[in-house]
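All remarks here apply to the structure that follows.
The values are calculated or read from the model by the stated rules, or taken from the named source; none is laboratory data. The shown structure was predicted, so the numbers you read here are calculated from the model rather than taken from an experiment. We place every Cβ from the backbone using ideal geometry, glycine too, and count neighbours over all the protein chains shown. Keep in mind that these areas ignore ligands, DNA and RNA; they rest on the heavy atoms of the full protein, side chains included. Shrake-Rupley method; radii C 1.70, N 1.55, O 1.52, S 1.80 Å.
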Amino acid sequence: VQLQASGGGLVQAGGSLGLSCVASLRTFSLFVMGWFRQAPGKERELVATISRSGGLTTYADSVKGRFTIARDNAKNTVTLQMNILKPEDTAIYYCAASSTATLGASDANDYVYWGRGTLVTVSS
């Protein structure tokens, strides 16, 4: 099983980036999907999750109103659209999949499959 994340890069504060994660999961629609991030010297934190159908989403308070998570079960893809980026959004972003977690689960141990991460750098 592989989760391949892409779309990171360097952007100025106030700008936008879109991340994408393609999963080689035969039963992708049975997994809650999440995006986590880890900034230098900090612990990994949950950014957003999306339900199996895509109808429900959760966000960390720090990104509410700026980030949007979405999924396309036909393409085994989950995306994270990031707008009004701030320097504090700088981190490595990881997509993750869980067959057992509830929506919004923030414990990384609940997620069994992880992408390798993509770096997002926001300059001030």
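At a glance:
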item: Extended-chain gain in nm, criterion 0.36 nm per residue less alpha-carbon gap, N73 and E45; result: 7.6 nm
item: Cα-based reach from K64 at 19 Å (exclusive), listing lysines while leaving out same-chain residues under 8 positions away; result: K86
item: With every protein chain in place, the chain: carbon and sulfur % of accessible area (1.4 Å); result: 49
item: Pairs of alpha carbons in the range 1-69 whose separation is greater than 15 Å (percent); result: 63
item: Binned Cα-Cα distances of the chain, short to long, each 5 Å bin given as a whole percent; result: 2, 13, 24, 26, 20, 10, 4, 1, 0
item: Value in Å of the Kirkwood radius, where the range 75-124 supplies the Cα pairs that are averaged; result: 12.7
item: Net charge, L17 excluded, C-beta distance under 13 Å - Lys, Arg +1, Asp, Glu -1; result: +2
item: Share, in percent, of DSSP beta bridges within the chain that are antiparallel, nearest 5; result: 90
item: Probe 1.4 Å, accessible area per residue of the chain, Å²; result: 52
